[in-house]
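Written out below as structure tokens is the structure these notes cover.
The values are calculated or read from the model by the stated rules, or taken from the named source; none is laboratory data. Since the structure is predicted, the reported quantities are computational estimates derived from the model, not experimental observations. Glycine also receives a Cβ, built like all others from the backbone with ideal geometry; neighbour counts cover every protein chain displayed.
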Amino acid sequence: MELLFAITLGVLTSTGVYLLLRARTFSVVLGLTLLSHAVNLFLFGMGRLKTDSPAVIGKALEHADPLPQALVLTAIVIGFAMTAFVVVLALKAAVELRNDHVDGEDPNEDRP
Amino acid sequence: MNHLVALPILIPLLAGAGLLLGYRLPLRLQRGLGILSCTLLTLLGLWAVQQAGSGDYTLYALGNWAPPFGILLVLDRLSAVMLLLTASLSLFCILYACRGTDREGSHFHPLFQFQLMGINGAFLTGDMFNLFVFFEVLLIASYALLLHGGGRARSRAGLHYVIINLVGSALFLLALGTLYGLTGTLNMADLAGAISAAPDTDKPLLVTAALLLLVVFGIKAAILPLLFWLPRAYSAASAPVAALFAIMTKVGIYAIIRIFMLVFGLGEAPIADAVWLWVWPMALATLALGGIGTLGAASLRTMTAYLVVVSVGILLATVALHDQASLAAGLFYLLHSTCLTAVFFLLADLVGRQRDRGYDRFSVISALNHRWLLGSLFFLAAVSMAGLPPFSGFISKLWILQASLPLTNGLLLWALVLGTGLLVLIALSRCGSGWFWRPPASTTTQRPLDPVRVGIVTAMIAVSIALALYAEPVMVYLDLTAQQILSPEQYIHAVLANPDALLAGGAP
């Protein structure tokens with residue numbers, strides 16, 4: 001399970017970083033989403049990976065660490081709000097600047 | 001437990017939430033509520049400085065959960081100074097904004113309050129995860145405040161600013177996850193103990209986490225390879241927002257001081273050594289680049305943004321010297337530079353409103369009304385900023401130079417501080433002489449000069465003069481602050497030694 005978890009994180013992070021370095025806002029937003037997804041999974045994994053152990057004391061012989069789960073929940077909420085905000089901002093910038101390049105102007109496009 | 005400690009977070013939270021619910025209230029009422037909140041925060045800041053002045057740590061355990069399990073607010077000298085600085089700066093900014101800037105877009109006042117809540121929270125918290133949360137609060141508010149007023153320049157600058165800070169947040173979480181995975185705690189005091197006692201096999205991972213945190217705080221504080229978002233963002237923001245943002249880079253500096261001096265600073269060979277190794281050269285490079293940037297800037301707002309970069313460089317260098325006198329001098333410089341960069345952002349707006357064309361651009365030659373008054377204000381501010389006597393800039397720089405002289409790295413700092421000072425002086429005099437010396441004759445268009453706006457800027461310059469006149473008590477206070485920062489054992493002892501006493505005294 002650890003190996004699968006690690007590979008998933010690696011794939012998510014590398015695709016996230018790759019997309020983040022693209023010049024179009026849409027792929028940047030996708031990259032940010034993947035990256036924050038990877039980060040959330042990482043945070044979750046820091047409470048150690050266990051099966052069959054609820055995060056409630058006394059319900060089973062072994063219990064999972066509840067703190068990373070609470071942290072992940074907070075991080076998800078914040079990340080979700082941020083993604084929504086950056087999508088709206090990207091749309092606003094695309095309308096106002098008339099292109100979707102992250103710099104607001106496309107170096108390869110002929111200026112009008 | 002003293003409930004006043006939680007108020008710097010609660011007042012702006014309640015004011016902001018109330019303003020958001022009452023967004024249909026008449027603007028006058030919204031302004032009143034905003035100004036009231038900022039005034040209360042300033043009074044609280046005075047109380048905090050007085051309270052922390054005794055040298056004790058004032059703790060507040062939320063929900064009566066004892067540390068290291070619950071969320072903790074800690075008020076020490078450094079937090080108190082930062083709280084007072086933020087509150088007084090915000091009071092000037094909101095008064096300036098109430099002269100019309102707040103009408104340019106919607107929801108200015110609630111966003112302003114949430115911004116203050118985030119900043120105050122970051123200064124007070126004693127818990128790493130809450131530092132992250134308050135960073136996010138202040139960032140979300142700053143995204144929206146930066147875009148306040150709309151326009152192409154703001155959208156473009158906003159996009160860069162938001163994306164780079166979102167990546168920063170992701171890195172922050174990675175670092176926090178690593179720290180929690182290794183130590184099982186996120187309370188700063190507890191974490192410090194756990195890190196200093198960590199086995200050698202964990203050291204590389206801890207260094208990784210520390211360096212990741214340095215990147216995150218470096219983005220906030222605008223250290224050299226991570227500062228290129230700053231000039232565009234700060235020069236695009238509306239004047240009072242840019243003036244408030246003068247404190248934002250200092251939040252990054254505060255986090256660097258707090259985390260690397262306290263959390264990673266314990267033990268025989270502290271993890272923080274790996275961080276200081278990077279901070280010192282980067283601080284000097286930031287300082288040099290800031291100086292060159294001020295000379296190359298094309299408008300006063302961009303130049304002020306580079307002045308912010310210069311101040312970050314000097315501050316960080318004094319922090320990296322790891323010496324009580326230099327750190328105290330750096331903190332004095334922090335007060336001075338925050339105040340003065342805010343003054344320049346507001347001055348750029350005042351001048352821009354009086355010019356026929358070009359707003360605050362240097363390349364445009366244009367008639368300027370009220371040349372004498374604005375010129376005198378600019379002159380006073382420039383003298384203080386460049387570090388000439390008799391203002392606070394002179395005292396702070398002299399103190400920094402004096403404190404760094406006996407240190408091995410001191411001479412390098414001397415060369416850069418003085419060299420940058422010269423560049424800043426040249427840039428400021430070029431700007432001032434171009435604008436005020438002999439501009440074209442005033443035009444027939446009468447542009448009334450708002451006396452309140454001028455009054456606010458004058459008051460802020462007066463603060464700088466007062467800081468110079470009453471420098472001694474401030475210097476004594478900051479020296480004790482630096483002493484407190486450099487003895488993290490006291491902090492840890494205060495937080496962890498006797499949790500029962502903390503809770504027993506606090507039954508509400």
Residues located in the range B:108-118, provided they are more than 14 Å from chain A (Cβ to nearest Cβ), of a type in the set (A, V, I, L, M) and more than 19 Å from B:Ala61 (Cα to Cα): B:Leu116
The range B:189-220 - residue that is closer than 19 Å to B:Phe129 by Cα and among the small types (Gly, Ala, Ser) and, of those, nearest to the chain's Cα centre (by Cα): B:Gly218
Subset of the range B:441-462 that is polar (S, T, N, Q) and exposed (fewer than 10 other Cβ atoms within 10 Å of the Cβ) - its residue that is modelled with the highest pLDDT: B:Gln446
Of all residues making up the range A:73-90, the number that are at the interface with another protein chain (Cβ under 9 Å from one of its Cβ atoms) and among the β-branched types (Val, Ile, Thr): 4
Failed criterion for B:Ile365 (all others in (1) surrounded by 17 or more Cβ atoms within 10 Å (Cβ to Cβ); (2) more than 19 Å from the chain's Cα centre (by Cα); (3) among the β-branched types (Val, Ile, Thr) hold): (1)
Considering residues of the range A:44-59 that are out of contact with any Pro (no Cβ under 6 Å at 6 or more places or on another chain) and aliphatic (A, V, I, L, M) only, the residue nearest to the other protein chains (Cβ to nearest Cβ): A:Leu49
Number of the exception - B:Leu173 against (1) away from chain A (no Cβ under 13 Å); (2) more than 27 Å from B:Leu7 (Cβ to Cβ); (3) at pLDDT 90 or above: (1)
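I'd like to check something: does the range B:386-401 contain any residue that is assigned to a helix (DSSP H, G or I), exposed (fewer than 14 other Cβ atoms within 10 Å of the Cβ) and touching a residue at least 12 places away in the same chain (Cβ under 8 Å)?
Applying the first criterion (assigned to a helix (DSSP H, G or I)) to the range B:386-401 yields B:386, B:392-401.
Of the ones still in play, those that are also exposed (fewer than 14 other Cβ atoms within 10 Å of the Cβ) are B:398.
Those left that are additionally touching a residue at least 12 places away in the same chain (Cβ under 8 Å): none.
Checked the range B:386-401: no residue is assigned to a helix (DSSP H, G or I), exposed (fewer than 14 other Cβ atoms within 10 Å of the Cβ) and touching a residue at least 12 places away in the same chain (Cβ under 8 Å).
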Some residue of the range A:1-15 being without any contact (Cβ under 8 Å) to a residue 24 or more places away in the chain, among the acidic types (Asp, Glu) and either touching a Leu at 6+ places or on another chain (Cβ under 7 Å) or more than 8 Å from every other protein chain (Cβ to nearest Cβ) (or both): no
Which listed residue is at the interface with chain A (Cβ under 9 Å from one of its Cβ atoms) and assigned to a helix (DSSP H, G or I), from B:Leu159, B:Leu138, B:Leu131, B:Leu145: B:Leu159
Selection count, the range B:72-86, where residues are under 10 Å from B:Gly45 (Cα atoms) and hydrophobic (A, V, I, L, M, F, W, C): 6
Selected residue (criterion: farthest from B:Phe260 (Cα to Cα)) from residues of the range B:190-210 that are among the aliphatic types (A, V, I, L, M) and buried (at least 17 other Cβ atoms within 10 Å of the Cβ): B:Ala194
So B:Arg357, is it free of Cβ contacts under 8 Å to residues at least 12 places away in the same chain and more than 22 Å from the chain's Cα centre (by Cα): yes
Members of the range B:52-79 found to be under 22 Å from the mean Cα position of the chain (by Cα) and polar (S, T, N, Q), listed by number: B:Ser79
Residue that is farthest from the other protein chains (Cβ to nearest Cβ) [pool: residues in the range B:176-189 that are surrounded by fewer than 23 Cβ atoms within 10 Å (Cβ to Cβ) and part of a helix (DSSP H, G or I)]: B:Thr183
Matching residues, the range B:191-245, being under 20 Å from B:Asp273 (Cβ atoms) and not in a helix (DSSP H, G or I): B:Ala197, B:Ala198, B:Pro199, B:Ile223
Test: residue in the range B:142-152 that is under 23 Å from B:Ile259 (Cα atoms) and of a type in the set (A, V, I, L, M): no
